[in-house]
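One structure is given below, encoded as C-alpha coordinates.
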Amino acid sequence: MSRATPQPLVLYSYFRSSAAYRVRIALNLKGLDYRTVPIHLVNNGGEQHSPGYLAVNPTGLVPALVADHVVLTQSLAIIEYLEETAPKPTLLPGTAMDRAKIRALALTIGCEIHPLNNLRVLQYLTGPLGLSEQARQEWYRHWVDAGLTAVEAMLADSSNDLFCHGETPTLADCFLIPQVFNALRFGGSLANLPRIRAIYEHCTELEAFRLAAPAAQPDAA
(Lines give C-alpha, C1' and ligand atoms only; values in the text may rest on other atoms or scores of the structure.)
Protein backbone atom coordinates (compact mmCIF):
# COMPACT_ATOMS: atom_id res chain seq x y z
CA MET A 1 0.00 0.00 0.00
CA SER A 2 1.53 3.31 -1.05
CA ARG A 3 1.94 6.09 1.47
CA ALA A 4 0.05 9.33 0.99
CA THR A 5 2.13 12.18 -0.33
CA PRO A 6 2.80 14.67 2.48
CA GLN A 7 1.05 17.97 2.01
CA PRO A 8 3.22 21.09 1.55
CA LEU A 9 3.90 23.05 4.70
CA VAL A 10 2.10 26.39 4.92
CA LEU A 11 3.38 29.06 7.30
CA TYR A 12 1.15 31.94 8.37
CA SER A 13 3.68 34.63 9.14
CA TYR A 14 4.37 38.33 9.61
CA PHE A 15 7.78 39.51 8.49
CA ARG A 16 8.61 41.32 11.74
CA SER A 17 7.14 38.76 14.11
CA SER A 18 10.01 37.32 16.11
CA ALA A 19 7.99 34.17 16.82
CA ALA A 20 7.43 33.59 13.09
CA TYR A 21 11.09 34.46 12.47
CA ARG A 22 12.10 31.60 14.80
CA VAL A 23 10.09 29.11 12.81
CA ARG A 24 11.44 30.38 9.48
CA ILE A 25 14.98 29.82 10.74
CA ALA A 26 14.16 26.27 11.84
CA LEU A 27 12.47 25.44 8.54
CA ASN A 28 15.47 26.75 6.63
CA LEU A 29 18.03 24.97 8.80
CA LYS A 30 16.20 21.71 8.16
CA GLY A 31 15.91 22.41 4.43
CA LEU A 32 12.13 22.11 4.42
CA ASP A 33 10.03 23.66 1.67
CA TYR A 34 7.10 25.78 2.78
CA ARG A 35 4.71 28.38 1.45
CA THR A 36 4.25 31.65 3.30
CA VAL A 37 0.84 33.26 3.85
CA PRO A 38 1.46 36.79 5.14
CA ILE A 39 -0.73 38.05 7.98
CA HIS A 40 -0.07 41.75 8.50
CA LEU A 41 -0.31 42.57 12.19
CA VAL A 42 -0.84 46.31 11.67
CA ASN A 43 -2.69 46.94 8.39
CA ASN A 44 -6.47 47.26 8.54
CA GLY A 45 -6.44 47.09 12.31
CA GLY A 46 -4.44 43.88 12.23
CA GLU A 47 -5.25 41.04 9.84
CA GLN A 48 -4.76 38.58 12.70
CA HIS A 49 -8.17 39.72 14.00
CA SER A 50 -10.01 38.85 10.79
CA PRO A 51 -12.60 36.04 10.90
CA GLY A 52 -10.65 34.20 8.21
CA TYR A 53 -7.47 34.04 10.24
CA LEU A 54 -9.23 33.40 13.55
CA ALA A 55 -10.72 30.33 11.89
CA VAL A 56 -7.14 29.14 11.32
CA ASN A 57 -5.73 30.19 14.70
CA PRO A 58 -8.26 31.23 17.37
CA THR A 59 -5.56 32.98 19.39
CA GLY A 60 -5.07 35.49 16.57
CA LEU A 61 -1.31 35.12 16.81
CA VAL A 62 1.42 34.22 14.36
CA PRO A 63 2.96 31.91 13.45
CA ALA A 64 0.68 29.06 12.54
CA LEU A 65 1.96 26.11 10.53
CA VAL A 66 -0.32 23.85 8.53
CA ALA A 67 1.17 20.37 8.26
CA ASP A 68 -0.85 17.52 6.73
CA HIS A 69 -4.07 19.53 7.11
CA VAL A 70 -3.43 20.13 10.84
CA VAL A 71 -2.83 23.64 12.18
CA LEU A 72 0.02 23.89 14.66
CA THR A 73 0.52 27.00 16.78
CA GLN A 74 3.15 28.40 19.18
CA SER A 75 6.67 28.67 17.81
CA LEU A 76 8.25 26.27 20.30
CA ALA A 77 5.67 23.57 19.67
CA ILE A 78 6.06 24.02 15.92
CA ILE A 79 9.85 23.75 16.05
CA GLU A 80 9.68 20.71 18.34
CA TYR A 81 7.31 19.12 15.79
CA LEU A 82 9.82 19.84 13.01
CA GLU A 83 12.57 18.36 15.16
CA GLU A 84 10.62 15.14 15.60
CA THR A 85 9.47 14.79 12.00
CA ALA A 86 12.68 16.02 10.32
CA PRO A 87 15.32 15.18 12.92
CA LYS A 88 18.38 15.97 10.81
CA PRO A 89 20.08 18.32 11.22
CA THR A 90 19.11 18.32 14.85
CA LEU A 91 18.34 21.51 16.74
CA LEU A 92 18.57 19.69 20.07
CA PRO A 93 21.93 17.90 19.99
CA GLY A 94 24.00 16.25 22.68
CA THR A 95 23.09 14.77 26.02
CA ALA A 96 19.94 15.24 28.06
CA MET A 97 21.81 17.92 30.01
CA ASP A 98 22.83 19.68 26.78
CA ARG A 99 19.25 19.69 25.54
CA ALA A 100 17.99 21.04 28.86
CA LYS A 101 20.45 23.95 28.63
CA ILE A 102 19.41 24.68 25.05
CA ARG A 103 15.73 24.65 26.00
CA ALA A 104 16.42 26.88 29.01
CA LEU A 105 18.01 29.51 26.76
CA ALA A 106 15.11 29.35 24.30
CA LEU A 107 12.51 29.52 27.06
CA THR A 108 14.21 32.46 28.77
CA ILE A 109 13.78 34.38 25.52
CA GLY A 110 10.37 33.01 24.59
CA CYS A 111 8.78 33.22 28.04
CA GLU A 112 10.67 35.91 29.97
CA ILE A 113 11.57 38.51 27.32
CA HIS A 114 9.23 38.26 24.35
CA PRO A 115 5.80 38.26 26.09
CA LEU A 116 6.51 41.62 27.74
CA ASN A 117 7.41 43.25 24.46
CA ASN A 118 5.30 41.78 21.69
CA LEU A 119 3.09 43.97 19.55
CA ARG A 120 -0.19 43.57 21.42
CA VAL A 121 1.46 44.51 24.72
CA LEU A 122 3.11 47.59 23.19
CA GLN A 123 -0.18 48.61 21.57
CA TYR A 124 -1.98 48.26 24.91
CA LEU A 125 0.59 50.46 26.62
CA THR A 126 0.04 53.38 24.23
CA GLY A 127 -3.66 52.64 23.68
CA PRO A 128 -5.87 51.90 26.71
CA LEU A 129 -3.13 52.75 29.24
CA GLY A 130 -2.27 56.02 27.51
CA LEU A 131 1.51 55.84 27.79
CA SER A 132 3.59 58.08 25.57
CA GLU A 133 5.74 56.71 22.78
CA GLN A 134 8.81 57.55 24.86
CA ALA A 135 7.46 55.58 27.83
CA ARG A 136 6.71 52.65 25.56
CA GLN A 137 10.28 52.68 24.26
CA GLU A 138 11.61 52.83 27.81
CA TRP A 139 9.42 49.84 28.79
CA TYR A 140 10.69 47.87 25.82
CA ARG A 141 14.37 48.60 26.39
CA HIS A 142 14.15 47.94 30.15
CA TRP A 143 12.79 44.42 29.78
CA VAL A 144 14.89 43.49 26.76
CA ASP A 145 18.07 44.75 28.40
CA ALA A 146 17.31 42.83 31.59
CA GLY A 147 16.46 39.66 29.68
CA LEU A 148 19.43 39.72 27.31
CA THR A 149 21.78 40.45 30.21
CA ALA A 150 20.55 37.25 31.83
CA VAL A 151 21.00 35.32 28.57
CA GLU A 152 24.55 36.68 28.26
CA ALA A 153 25.33 35.26 31.70
CA MET A 154 23.78 31.92 30.75
CA LEU A 155 26.10 31.78 27.73
CA ALA A 156 29.24 32.16 29.85
CA ASP A 157 29.99 28.43 29.87
CA SER A 158 29.94 28.28 26.05
CA SER A 159 32.37 31.14 25.48
CA ASN A 160 34.34 29.27 22.83
CA ASP A 161 31.34 28.02 20.85
CA LEU A 162 30.25 29.50 17.53
CA PHE A 163 26.60 29.25 18.53
CA CYS A 164 24.61 29.33 21.75
CA HIS A 165 25.60 25.74 22.40
CA GLY A 166 28.29 24.01 20.38
CA GLU A 167 29.38 24.27 16.78
CA THR A 168 26.01 23.97 15.05
CA PRO A 169 22.81 26.05 15.28
CA THR A 170 20.31 24.93 17.87
CA LEU A 171 16.85 25.78 19.10
CA ALA A 172 18.43 28.49 21.25
CA ASP A 173 19.84 30.30 18.20
CA CYS A 174 16.43 30.14 16.52
CA PHE A 175 15.10 32.13 19.48
CA LEU A 176 18.06 34.43 20.11
CA ILE A 177 18.57 35.92 16.65
CA PRO A 178 14.99 37.28 16.23
CA GLN A 179 15.06 38.76 19.72
CA VAL A 180 18.35 40.53 19.03
CA PHE A 181 17.01 41.80 15.70
CA ASN A 182 14.04 43.36 17.47
CA ALA A 183 16.21 44.81 20.22
CA LEU A 184 18.40 46.54 17.64
CA ARG A 185 15.34 47.77 15.74
CA PHE A 186 14.15 49.52 18.89
CA GLY A 187 17.49 51.19 19.53
CA GLY A 188 19.09 48.60 21.80
CA SER A 189 22.82 48.04 22.08
CA LEU A 190 24.97 44.92 22.19
CA ALA A 191 27.99 46.80 23.55
CA ASN A 192 27.84 45.01 26.90
CA LEU A 193 26.78 41.65 25.45
CA PRO A 194 29.89 40.31 23.68
CA ARG A 195 28.77 36.67 23.48
CA ILE A 196 25.36 37.57 22.11
CA ARG A 197 26.93 40.01 19.65
CA ALA A 198 29.38 37.37 18.38
CA ILE A 199 26.63 34.77 17.95
CA TYR A 200 24.36 37.26 16.20
CA GLU A 201 27.07 38.37 13.80
CA HIS A 202 28.00 34.78 12.99
CA CYS A 203 24.44 33.53 12.51
CA THR A 204 23.28 36.39 10.34
CA GLU A 205 25.99 35.53 7.81
CA LEU A 206 24.53 32.03 7.31
CA GLU A 207 22.05 31.42 4.50
CA ALA A 208 19.36 29.81 6.65
CA PHE A 209 19.27 32.88 8.87
CA ARG A 210 19.57 35.40 6.03
CA LEU A 211 16.63 33.84 4.17
CA ALA A 212 14.56 33.94 7.37
CA ALA A 213 15.31 37.60 8.09
CA PRO A 214 12.43 40.09 7.98
CA ALA A 215 13.83 41.98 4.98
CA ALA A 216 13.85 38.78 2.92
CA GLN A 217 10.15 38.02 3.41
CA PRO A 218 7.49 38.49 0.71
CA ASP A 219 5.48 40.89 2.89
CA ALA A 220 8.47 43.07 3.85
CA ALA A 221 7.59 45.61 1.16
Given a 1.4 Å probe, how much area per residue of the stretch 17-101 is accessible, in Å²? 49 Å²
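When the accessible area of the stretch 11-67 is split by element with a 1.4 Å probe, what percent falls to carbon and sulfur?
Details: 1200 of 2250 Å².
Carbon plus sulfur share of accessible area: 53 percent.
Using Cα-Cα distances under 8 Å and only pairs 6 or more residues apart, what relative contact order does the chain have, in percent? Spell out each step's value before the answer.
Values: 266 pairs, mean separation 54.9, N = 221.
It comes to 25 percent, rounded to a whole number.
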Compute the distance in nm between two label points, each set 7 Å from the Cα along the Cα-to-Cβ direction, one at Ala96 and one at Leu184. 3.9 nm
Across Gln134, Gln123, Gln74, the residue with the highest GNM fluctuation in the chain (Cα network, 10 Å cutoff) is Gln134
Separation between Cα centres of the stretch 66-136 and the stretch 183-210, rounded to whole Å: 17 Å
Taking just the C-alpha trace of the stretch 157-218, give me its Rg and Dmax in Å. 11.6, 38
Estimated 222 nm signal from helices in the chain, with DSSP H stretches of n ≥ 4 weighted -39500 (n - 2.57), rounded to 500: -14500 deg cm²/dmol
Protein accessible area in the stretch 121-186, 1.4 Å probe - carbon and sulfur %: 58 percent
Just order 65-72, 187-194 by mean Cβ neighbour count inside 10 Å, highest at the front, would you? 65-72, 187-194
Who wins for biggest fluctuation among Ala183, Ala146, Ala64 in a Gaussian network model of the chain, springs between alpha carbons below 10 Å? Ala146
Highest GNM mean-square fluctuation among Pro58, Pro169, Pro89, for the chain with Cα springs under 10 Å, belongs to Pro58
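The values are calculated or read from the model by the stated rules, or taken from the named source; none is laboratory data. All of these numbers come straight from a predicted model, not from anything done at the bench. Virtual Cβ from ideal backbone geometry, glycine too; neighbours counted across all protein chains shown. Surface accessibility is based on the protein's heavy atoms, side chains included, excluding ligands, DNA and RNA. Shrake-Rupley method; radii C 1.70, N 1.55, O 1.52, S 1.80 Å.
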